[in-house]
1. Return a yes/no flag: does region B:68-76 have any residue that is within 16 Å of ligand 2 (Cβ to nearest atom), under 27 Å from residue B:101 (Cβ atoms), in contact with an Asp or Glu (Cβ under 8 Å, 6 or more places away or on another chain) and within 13 Å of chain A (Cβ to nearest Cβ).
2. Go through region B:184-220 and report how many residues are within 15 Å of ligand 2 (Cβ to nearest atom), more than 14 Å from chain A (Cβ to nearest Cβ) and in a strand (DSSP E or B).
3. Is it the case that region B:45-64 has a residue that's more than 30 Å from residue A:200 (Cα to Cα), in contact with a Pro (Cβ under 6 Å, 6 or more places away or on another chain) and not in a loop (DSSP other than H, G, I, E, B)?
4. Looking at A:224, A:243, which is the one that is touching a Leu at 6+ places or on another chain (Cβ under 9 Å), at pLDDT below 90 and buried (at least 17 other Cβ atoms within 10 Å of the Cβ)?
5. Of all residues in region B:23-66, which are within 13 Å of ligand 1 (Cβ to nearest atom), away from every other protein chain (no Cβ under 14 Å) and under 11 Å from the mean Cα position of the chain (by Cα)?
6. For region B:68-91, give me the residue count where each residue is assigned to a helix (DSSP H, G or I) and either of a type in the set (Asp, Glu) or surrounded by fewer than 22 Cβ atoms within 10 Å (Cβ to Cβ) (or both).
7. Taking region A:192-215, which residues are more than 14 Å from chain B (Cβ to nearest Cβ) and of a type in the set (Val, Ile, Thr)?
8. What number of residues within region A:222-274 are of a type in the set (D, E, K, R) and in contact with a Pro (Cβ under 6 Å, 6 or more places away or on another chain)?
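The values are calculated or read from the model by the stated rules, or taken from the named source; none is laboratory data. Please read these numbers as outputs of a predicted model, since none were measured by experiment. Ideal geometry is used to build each Cβ from the backbone, glycine not excepted, and the neighbour counts take in all protein chains shown.
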Amino acid sequence: MASLTETRADTTGIVADEPPGVRRRAPYRTLAPARRSIAIVVLLLVWELLPRLSFVDATFLPPFSDVAVAWYDLLRSGELAEHTQASLVRSLAGFGLAIVVAIPLGLVIGWYRPVAELLNPVLELFRNTAALALLPVFVLILGLGETSKISIILYACTWPILLNTINGVKTVDPLLIKSARSMGLGALRLFQKVILPASVPAIFTGIRLAGAYSILVLVAAEMVGAKAGLGYLINHSQFNFAVPDMYAGIVTISVLGLLFNQLLLRLEGRFSTWRL
Amino acid sequence: MIRIEGVGKVFDVRGESFTALQDIDLEIRTGEFLAVVGPSGCGKSTLLDLLGGLSEPTSGRILLDGVPVTGPGLDRGVVFQQYALFPWRTAVANVEFGLEGKNLSKRERRERARHHLSLVGLSGFEDRYPHELSGGMRQRVAIARSLAFDPDVLLMDEPYAALDAQTRESLQDELLRIWERTGKTVVFITHGIEEAIYLGERVAVMTSRPGRIKHVVPVSLGRRTEGEVRAAPEFGRYRRELASLLRDEVERARIQELREVASVG
Ligand SMILES: Nc1ncnc2c1ncn2[C@@H]1O[C@H](COP(=O)(O)OP(=O)(O)OP(=O)(O)O)[C@@H](O)[C@H]1O
Ligand SMILES: [Mg+2]
């Protein structure tokens, strides 16, 4: 079962960030935001200077200030809001559906050990099939509309939540189960009072990974046959050689992903204050 | 009254049967404090699991007030060696856990839990999570949890093994006070001979595996909650007696283990 455990640290390179509740020493904590912004500022400065000093062709990598201006224009014209909204709706729909589907499913599969053993090979197979490789299949079956886009996001988000939930349920400390049983708990209340709360951190790890996937897959899905969305904006701008607009779209999507992850981290921390 | 009648426990370890307990016969009076000592791996925890109804004997039976034990229940409280607190619950919520199976209002539950935490000297720590408590505090929460639902029998598995001497002594005294006040039956497993003599009215010595009761030593030390007891000459006598009983078993257990390792390797 070691292969399942990996889901926490992820296999696609999205490594789970520092665990919530890790308490840093005070001076480090107060310095951290400043230090982080220094890195960002340097990055933006490099971005600004490289094209300006003609180290790279400004046609392909316009200076950051040009991108900022393009971004601002997109914002003012309302285009950015429209694309962002279209993207968010898809992302959140797929992500939300995945939560609704995968958590109960994972709990059931994890609880009934034989079912978990039975399904494990299939789950492993699907988990290791890149969602994007299946995009053409989704488009073939579900067409180019919203359904296929939301479905592919749902699909991609399901695996981390499902596998982490299963793993969470399976790895509940047997001693805690024994302890609860010694106090006369039957199967149902054992599940409700021990298995479920004990699995919360693992489930949240899955949710957070799924949040990242929802953005990653979104962009790719929107590059195929979409009329709106940030992925569409990026693709369309590139096609029309509106390079600053393309970068504006890219920056927006990264910031969006970052904010989403931050939000989920916050939430995770709140639900697992006890873990440490 | 607990009657253990010809109890044996055989585990199935990858197809081979493995006898952990054999022919255990023992009677524990209601309200008695019984200490159990024995070499590591002789089946003490296994015996406690059987008493707790957490597993079933392969032979013989266990009667609790004349009724065979068929499963766990709130008439018995188990204190596990590794605390086994629920990390997502605060101290007071952990103590409430066992009470949730009883017909009590939320307020009554909380009150009772608080009361039992104060009983083990943890007033003011009600809202701490287990990871915010020291090892000794966690153990006390576990003890409070078992006391709170008011079981007739307390089954304790080396509860103080991981504690420093100071904490251990104060918890031993607390336990004796509680026991004297409530009249519960206590089965207390320990590795410590002195602990067994200090706490137990009788000390059962188990043989090395397969575990049997080798000898039961009655202990009478007068008023036992007093600190001087340890210095009394009888204390030393009991200690020597138990030590010699145990020494052979520990030696046998060690040889047995060596032989098993050799035959596996
Ligand atoms: N579930 C199990 N399956 C197979 N063997 C077991 C199982 N539980 C215990 N045993 C074996 O039974 C023997 C007795 O174990 P037990 O835990 O009761 O010992 P113990 O006396 O409590 O030891 P210690 O003092 O080290 O805690 C050991 O040899 C152990 O390997
Ligand atoms: Mg043991």
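1. no
2. 5
3. yes
4. Step by step, each of A:224, A:243 is checked, and only A:224 is touching a Leu at 6+ places or on another chain (Cβ under 9 Å), at pLDDT below 90 and buried (at least 17 other Cβ atoms within 10 Å of the Cβ).
5. B:36, B:37, B:44, B:47, listed by residue number.
6. 0
7. Residues satisfying the conditions are A:205, A:207, A:215.
8. 1
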